[in-house]
Amino acid sequence: MSYRNAEEYQTLGWILNHSEDGFYFLIAPENAQREVVDRYAASNVAIYDYKKEPGRYYFHVVESFLNDHPRARACFLLNFQLAVQEDADILRLNFSRDMLARLERNIIFCVTPRLDDILAKNAYSFYSYVKLKSFFEGEGESEEVTEKQELTTRGFDLSTDIEEAEIDFTRPKAYLLSKAISLIHQAEELSGKFRYRDALTLLRGALGIREKLLGEDHPDTAATYNNIAGVFDSLGDYTEALEWHNKTLAIREKVLGREHPNTAATYNNIAGVFDSLGDYTEALEWYNKALAIRENVLGNEHPDTATTYNNIALVYSRLGDYPRALEWYNKDLAISEKVLGNEHPDTATTYNNIAGVYDSLGDYPTSLEWYNKDLAISEKVLGKEHPSTAATYNNIALVYDSLGDYPAALEWYNKALAIREKILGKEHPDTAATYNNIAVVYDNLGDYSTALEWYNNALAISEKVLGKEHPDTATTYNNIAVVYNNLGDYPTALEWYNKALAIREKVLGKEHPSTATTYHNIAVVYSRLGGYHTALEWYNKALVIREKVLGKEHPDTAATYNNIAAVYSRLGETGDAVKETRAE
């Protein structure tokens, strides 16, 4: 193989030695695939060659082969282009995606450039799970690469700050495009470590390559725009996220069409941003656009369609329309149980979400029933130390907290915390969320000093990992303010509320429900200080948002009505005054 393939061998070595389980592509001409794979034949890998074992792609064939090689650290599916010849083969590949993923093995699909192009356009469900691709050139194009160069692993150093690297565009196109994929993969790893700014640096490098070599209207360029949007979404910079999602959308609508599943995915992502912004009307509009495509193209029983049902349910739950939320969750559940089965993690997630609705309704026994259904699957399928299992422990603790059973709540939170600290680490946002929840329990118990201790633990992580302007950081500021309010230290409470408010108005906007919550909480402080007219001013700011965004029947809106009535009562103005406030 040519010297130009040196970095591709490094990538392949990294996949074999360091990567997580998943799908990978080795892209090479048919006559070159065998030579590449043979270099690893003596290693602990399994090789299934569709040239020697002719036949179309079927999941059970791959599953049986992997079961016969339980100790192999990876499996090469050689000459996979021979197994995918017709639309029916692509359909089977798409629908077996989740089953392949559940095998929890490194599967390296050896494909020709032509099949890679076909799968990118037509096997969208399967292709979206491919973590990394390596492009190998054929023989006779350059000097030979040494064995040492071929077998060296990439050895990504993600422990230091990432600086934007200059791209040498004199290198071959195949090399540069492979480099772009490598940068995207590294960016995903950095995002997983919450190093979002460094991830953006690498993504911009990948984007520069793809825009220059493929053009601004290429689907792969659009995919990079989408990745950048996702990082900004994680940063809580929703304005930037929308801008990049709209760039993605412009390409996908133009090149793929308005009924392509990838276009639907962008509609879904835009809806998610509006959901985060608290603009639920817009969120529903975009989710329904995604749903129309998915039902039409993928069908009413496809997992992606079920995901959209789930997302719509989430919006209705946030709006306090719990009957409608349950209706959509049940549509999601019907698909998940039928297509994925009663023990699939996605089915467990739906059980979890339904439990959350019953928790919001105050039906705690039913909520616990659904959480326990979720827990039974999570512990059995994922294990007792999986982050998803920890999330269920956390949610069960929330129910006990709502029930006022604080010892039980702390017991379940500590189970969640033990997993999150061990598996995710002490600086992970989910660990910080558990610190926050434990603080809430101590606040409810009236142990304010312990509550502040736990909140400060959460705050240290949020400020370091997410930044001082992230919505989650604002939430911790808000919660610390609640403690000082309970302590009767109203000036300090206002100081912390104003810190939360500055972030929420800037990042989420002045009409977001979380911003309304801060207005409401500030009003509570002024009411306790005896500043009733100032309190009414802040309550009315909260009320305008809650009536507009959540509706007049939402529990949060009702809470504001109740507090306004209480203020008027203290002022000696009841009856008509309260009615006027409701009518504004």
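Assessment of region 417-425 against the conditions (of a type outside the set (G, A, S), crowded, with 19+ Cβ neighbours inside 10 Å, touching a Gly at 6+ places or on another chain (Cβ under 8 Å) and touching a residue at least 24 places away in the same chain (Cβ under 8 Å)) yields no matching residue. The residues in region 534-573 that are touching a Leu at 6+ places or on another chain (Cβ under 9 Å), part of a loop (DSSP other than H, G, I, E, B) and either of a type in the set (A, V, I, L, M, F, W, C) or loosely packed, with under 15 Cβ neighbours inside 10 Å (or both) can be counted, and the count is 1. Applying the criterion of being touching a Ser or Thr at 6+ places or on another chain (Cβ under 8 Å) and crowded, with 23+ Cβ neighbours inside 10 Å to the residues of region 211-228, the residue that is nearest to G192 (Cα to Cα) is Y225.
A397 is checked against (1) crowded, with 23+ Cβ neighbours inside 10 Å; (2) modelled with pLDDT under 95; (3) touching a Phe, Trp or Tyr at 6+ places or on another chain (Cβ under 9 Å); (4) among the hydrophobic types (A, V, I, L, M, F, W, C) and fails just one. What number does that condition carry? Exception for A397: condition (2).
Which residues, taken from region 59-112, are among the aromatic types (F, W, Y) and free of Cβ contacts under 8 Å to residues at least 24 places away in the same chain? F65, the sole residue that qualifies. If you go through region 295-328, how many residues are under 19 Å from the mean Cα position of the chain (by Cα) and not hydrophobic (A, V, I, L, M, F, W, C)? Residues in region 295-328 being under 19 Å from the mean Cα position of the chain (by Cα) and not hydrophobic (A, V, I, L, M, F, W, C): 10 in total.
On inspection, Y50 fails the criterion of being in contact with a Leu (Cβ under 7 Å, 6 or more places away or on another chain), of a type in the set (S, T, Y) and in contact (Cβ under 8 Å) with a residue 40 or more places away in the chain. Put simply, of Y9, Y48, Y24 the only residue that is modelled with pLDDT of 85 or more and within 16 Å of L132 (Cβ to Cβ) is Y24.
When each of L501, L466, L508 is tested for being closer than 29 Å to A565 by Cβ, touching a residue at least 60 places away in the same chain (Cβ under 8 Å) and either among the charged types (D, E, K, R) or in contact with a Ser or Thr (Cβ under 7 Å, 6 or more places away or on another chain) (or both), the lone residue that passes is L508.
Conditions tested, residue by residue: (1) surrounded by fewer than 22 Cβ atoms within 10 Å (Cβ to Cβ); (2) touching a Ser or Thr at 6+ places or on another chain (Cβ under 7 Å); (3) assigned to a helix (DSSP H, G or I); (4) not acidic (D, E).
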{"residue": "L242", "(1), (2), (3), (4)": "yes, no, yes, yes"}
{"residue": "R252", "(1), (2), (3), (4)": "no, yes, yes, yes"}
{"residue": "E259", "(1), (2), (3), (4)": "yes, no, no, no"}
{"residue": "T263", "(1), (2), (3), (4)": "no, no, yes, yes"}
{"residue": "L284", "(1), (2), (3), (4)": "yes, no, yes, yes"}
{"residue": "I312", "(1), (2), (3), (4)": "no, no, yes, yes"}
{"residue": "G320", "(1), (2), (3), (4)": "yes, no, no, yes"}
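Checked against (1) in contact with a Ser or Thr (Cβ under 8 Å, 6 or more places away or on another chain); (2) part of a helix (DSSP H, G or I); (3) not β-branched (V, I, T), K331 meets all criteria but (1). Residues in region 350-371 that are without any contact (Cβ under 8 Å) to a residue 24 or more places away in the chain and assigned to a helix (DSSP H, G or I) were compared, and the one that is surrounded by the fewest Cβ atoms within 10 Å (Cβ to Cβ) is P365. Quick check: is even one residue across region 35-43 in contact with a Phe, Trp or Tyr (Cβ under 7 Å, 6 or more places away or on another chain) and farther than 21 Å from D117 by Cα? Yes, the conditions are met somewhere in region 35-43. Look at (1) modelled with pLDDT of 95 or more; (2) over 29 Å from G192 (Cα atoms) and you find that L452 fails only one, number (2).
Summed over region 542-569, the residues that are in contact (Cβ under 8 Å) with a residue 12 or more places away in the chain, over 20 Å from N486 (Cα atoms) and more than 32 Å from the chain's Cα centre (by Cα) give a count of 3.
Please specify each residue of region 161-190 satisfying the condition of being at pLDDT 75 or above, within 24 Å of the chain's Cα centre (by Cα) and not charged (D, E, K, R). Passing the criteria: A180, I181, S182, L183, I184, H185, Q186, A187, L190. Does T434 satisfy the criteria of being within 30 Å of Y238 (Cβ to Cβ), part of a helix (DSSP H, G or I) and within 20 Å of the chain's Cα centre (by Cα)? For T434, the condition - within 30 Å of Y238 (Cβ to Cβ), part of a helix (DSSP H, G or I) and within 20 Å of the chain's Cα centre (by Cα) - is met. The requirement of being crowded, with 23+ Cβ neighbours inside 10 Å, over 20 Å from the mean Cα position of the chain (by Cα) and either closer than 22 Å to S234 by Cβ or of a type in the set (D, E, K, R) (or both) is satisfied by A458. Of everything in region 333-387, what is closer than 22 Å to P303 by Cα and acidic (D, E)? Give them in sequence order. Correct list: E337, E343, D346, D374.
List pairs: first in region 287-298 and over 12 Å from T263 (Cβ atoms), second among the small types (G, A, S), Cβ under 6 Å, 6+ apart or cross-chain? Matching pairs, first to second residue: Y287/A271. The condition of being modelled with pLDDT under 90 and either under 23 Å from E505 (Cα atoms) or not hydrophobic (A, V, I, L, M, F, W, C) (or both) holds for only one of L550, L536, that being L550. Being under 16 Å from K133 (Cβ atoms), hydrophobic (A, V, I, L, M, F, W, C), in contact with a strand residue (DSSP E or B) (Cβ under 7 Å, 6 or more places away or on another chain) and not in a helix (DSSP H, G or I) is a property that L16 lacks. Residues in region 477-519 that are of a type outside the set (K, R), out of contact with any Leu (no Cβ under 8 Å at 6 or more places or on another chain), within 16 Å of L550 (Cβ to Cβ) and surrounded by fewer than 17 Cβ atoms within 10 Å (Cβ to Cβ): E511 only.
The values are calculated or read from the model by the stated rules, or taken from the named source; none is laboratory data. These numbers come from a predicted model, not from an experiment. Note that we place each Cβ from the backbone using ideal geometry, even for glycine, and neighbour counts take in every protein chain shown.
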